[in-house]
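Peer 1: Sharing a structure below in C-alpha cells format, with a few things to ask.
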Amino acid sequence: MEKQQITEEMNLQEQWYKDAREQFIDELPGFINHLLNDYNHDYGTICHALSAGAIATITAMNKSPQGGITGFQAGAIMWEFIRHWNYAGNKTGLSILDYDNFLYPQYEYRYQKTIRPDIWKAIQEQARIALEKADGDYTEYLAKRDVYKSDLADFIKKYPDYLERPEYYEKLGCGTGVQWDEYRKKVESGFEFAPSLPYLHVGLDSPVYKHWQSIVDGNIPFGYSISDD
C-alpha cells in the first residue's frame, strides 16, 4: 500500500494521540505499524508518531492484568521516562513548572526561587568535580601547548611559507563544499598539515570556571535561596 503524504493541515497527530489512549496489548503492534508504515513522515511528524507510540505502549501495558497504576505511579513513570530518555546524565535533579497554576493564588509557593538543601549540595559537588577536571585539563593543556610551540617551530623550518599562508597548511575546521573537497584531496594525498593548537574547554579565567568556584564557595546563583518547602 502506498504511504500517505502528511500535510500540516491534516493535523493527524491529534487523532494519533486519541487512538493511543485506546490501545490494548493485542492491538499495539498494529497501531505502531500503522504509525510507522502508513505515512511518509517529515522532521516533525515522526516526533508525533514516536510520542503516540510510546503513550500507546504504556496505555496498553497498563490495561494488562498487571497494570492499573495510580496517579502517583503515573508521575513516577513520567519522571523515569524523562530522565532516561533525555537526561540520563543529570546528576543534580530536575524540575517541571506547570504555568497553568499561575492562575491560582494558592500555588504561589511553587514559583519561589528556592532549591532544596539536598539539591544545592549536589550542585556544589558537581561544581567541585568540574573545577578539579578543569584544573587537570589546564595542566595538560600547558604541556600540550609547549609541545605545539616546539612542533610548530620545526614545521616552519620545513615549510617557511607557512608564515605567509598558514591557512594552506592548517586543518580545515569549517568551510564550503569546494573547500571540503580540496581538503579531502589533501588528506588522501598524504599532505603534511601544520600542528594544531591544543584546545582548552574551560579556561581558569573564564566566566564558567569562576561561576563553579563561586558555587563551591557557597554562593547560590541566580537569586535563589535554600528552602525545605
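The values are calculated or read from the model by the stated rules, or taken from the named source; none is laboratory data. Bear in mind that the values here come from a model prediction, so they are computed numbers and not experimental data. Cβ: placed from backbone, ideal geometry, glycine included. Neighbour counts: every protein chain shown.
Peer 1: Does any residue in the range 145-157 that is under 14 Å from TYR169 (Cα atoms) come within less than 7 Å, Cβ to Cβ, of a residue that is surrounded by fewer than 11 Cβ atoms within 10 Å (Cβ to Cβ) six or more places away or on a different chain, and which pairs are these?
Peer 2: Cβ pairs passing all conditions: ILE156/LEU163.
Peer 1: Is it true that some residue in the range 52-59 is crowded, with 16+ Cβ neighbours inside 10 Å and without any contact (Cβ under 8 Å) to a residue 24 or more places away in the chain?
Peer 2: The answer is yes; a qualifying residue exists.
Peer 1: Quick check, is THR92 closer than 23 Å to PRO29 by Cβ and surrounded by 13 or more Cβ atoms within 10 Å (Cβ to Cβ)? Please lay out each step first, then the result.
Peer 2: On the way: closer than 23 Å to PRO29 by Cβ: no; surrounded by 13 or more Cβ atoms within 10 Å (Cβ to Cβ): yes.
In short, no.
Peer 1: Let me ask something else. Scan the range 66-87 and report the pairs whose first residue is among the small types (Gly, Ala, Ser) and whose second residue is surrounded by 12 or more Cβ atoms within 10 Å (Cβ to Cβ), with Cβ atoms within less than 7 Å and a gap of 6+ or a chain change.
Peer 2: Every condition considered, the pairs that remain are GLY67/MET61; GLY68/ASN62.
Peer 1: Check off (1) loosely packed, with under 14 Cβ neighbours inside 10 Å; (2) over 23 Å from GLY223 (Cα atoms); (3) among the aromatic types (Phe, Trp, Tyr) for TYR138 and give me the number that stays unchecked.
Peer 2: (1)
Peer 1: Moving on to the next point. Can we say ILE119 is modelled with pLDDT of 95 or more, in a helix (DSSP H, G or I) and within 30 Å of TRP212 (Cβ to Cβ)? Please lay out each step first, then the result.
Peer 2: Details: modelled with pLDDT of 95 or more: yes; in a helix (DSSP H, G or I): yes; within 30 Å of TRP212 (Cβ to Cβ): yes.
Criteria met by ILE119.
Peer 1: Pairs needed: first member in the range 12-24, closer than 21 Å to GLY68 by Cβ; second member anywhere, at pLDDT 95 or above and part of a loop (DSSP other than H, G, I, E, B); C-beta distance under 6 Å; at least 6 residues apart or different chains.
Peer 2: PHE24/LYS63
Peer 1: Residue by residue through the range 39-51, note down the ones that are loosely packed, with under 12 Cβ neighbours inside 10 Å and touching a residue at least 24 places away in the same chain (Cβ under 8 Å). Give the steps one after another, and end with the answer.
Peer 2: Initially, the range 39-51 is screened for residues loosely packed, with under 12 Cβ neighbours inside 10 Å, giving 40, 43-44.
Hit for the range 39-51 is ASN40, nothing else.
Peer 1: Now a separate question. Looking only at the range 80-118, how many residues end up being among the β-branched types (Val, Ile, Thr) and within 22 Å of ILE129 (Cβ to Cβ)?
Peer 2: Matching residues across the range 80-118 total 2.
Peer 1: In addition: Considering (1) closer than 29 Å to SER95 by Cα; (2) within 30 Å of the chain's Cα centre (by Cα), say which one ILE69 fails and leave the rest.
Peer 2: If we test ILE69 against (1) closer than 29 Å to SER95 by Cα; (2) within 30 Å of the chain's Cα centre (by Cα), just (2) comes out false.
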